[in-house]
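Shown next, in structure tokens, is the structure this report addresses.
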Amino acid sequence: MKVSQLFAALTLTIATTAMAAMPMVDGEVRKIDLGAKKITLKHGEIKNLDMPPMTMVFQVKDPALLEKVKVGDKVQFTVENANGAMTVLTIEPATTVSEPEVSTISAIESSAVR
């Protein structure tokens, strides 16, 4: 394996590991600005940045991320401070627990308590 290929593979592995370690943050899309490649999110606590819940504008690492969501969507995302710019790395629709699943979970919890 060439040194450049080895370096590329190592860099990808490190980046993937770092992203996997980042906590997912709950949020809601408030505004999307395709031209500026920015998204406004009302978000919960961002633990990796020691940031309390608030509404703010973020840059996105990949503008294609903005095509995955729309205003009003509940989302989960990862964010980093890239040289002073809060940048969304990943974003996806939030997973929600449906009513039947909640009932099943409640029943299981109730029977476990007895």
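The values are calculated or read from the model by the stated rules, or taken from the named source; none is laboratory data. These figures come from a predicted structure and were not determined experimentally. Cβ atoms come from the backbone with ideal geometry, glycine included; neighbour counts cover every protein chain shown.
One table, with the values for the structure above:
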| item | result |
| --- | --- |
| Candidates T55, T87, filtered to the one that is within 11 Å of the chain's Cα centre (by Cα) and touching a residue at least 24 places away in the same chain (Cβ under 8 Å) | T87 |
| Some residue of segment 49-57 being in a helix (DSSP H, G or I) and modelled with pLDDT of 80 or more | yes |
| Residues being of a type in the set (S, T, N, Q) and farther than 12 Å from P23 by Cα - total across segment 76-92 | 3 |
